[in-house]
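In what follows, a structure is listed as structure tokens, so that the remarks can point back to it.
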Amino acid sequence: MVKRGRRKELDRANATRYMTVARSLRKSATDIGVIAEDRHGNALAIVAIHAAIAYADALCIA
């Protein structure tokens, strides 16, 4: 069930900023995947998750 409550009004221009952050994080995750060894899997996962969150934020604001 979705929690109902206060909503924060955000300027839609912020969506562009979130998308920029998301793209940067996705590129970082890709780079980690290319150059990293198996022991860097946690770092890759953390960066990828943050990229997904930034993409979701951009979609919600737009």
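A few comments on the model shown:
- Residue within segment 28-40 that is loosely packed, with under 14 Cβ neighbours inside 10 Å, under 15 Å from the mean Cα position of the chain (by Cα) and at pLDDT 85 or above present: no
- Within segment 27-62, being of a type in the set (Asp, Glu) and either touching a helix residue (DSSP H, G or I) at 6+ places or on another chain (Cβ under 6 Å) or assigned to a helix (DSSP H, G or I) (or both) holds for 31, 38, 57.
- Whenever a residue of segment 1-22 is assigned to a loop (DSSP other than H, G, I, E, B), its partners that are at pLDDT 80 or above, lying with C-beta atoms within less than 7 angstrom and at least six residues away or across chains, give the pairs 10/61; 12/61; 12/62.
- Residue 17 being surrounded by 12 or more Cβ atoms within 10 Å (Cβ to Cβ), in contact with a helix residue (DSSP H, G or I) (Cβ under 9 Å, 6 or more places away or on another chain) and either at positive phi or basic (Lys, Arg) (or both): yes
- Verdict on residue 8 being over 13 Å from the mean Cα position of the chain (by Cα) and of a type in the set (Lys, Arg): yes
- Of all residue pairs spaced 6 or more apart or on separate chains, those with beta-carbon atoms under 7 Å, a first member in segment 36-62 that is under 15 Å from residue 24 (Cα atoms) and a second member that is of a type in the set (S, T, N, Q) and crowded, with 16+ Cβ neighbours inside 10 Å are 47/28.
- For segment 41-53, the condition of being more than 17 Å from the chain's Cα centre (by Cα) and surrounded by fewer than 12 Cβ atoms within 10 Å (Cβ to Cβ) holds for none of the residues.
The values are calculated or read from the model by the stated rules, or taken from the named source; none is laboratory data. From a predicted model like this one, the values you see are computed outputs, not experimental measurements. Here the Cβ is made from the backbone with ideal geometry for all residues, glycine too, and neighbour counts use every protein chain on show.
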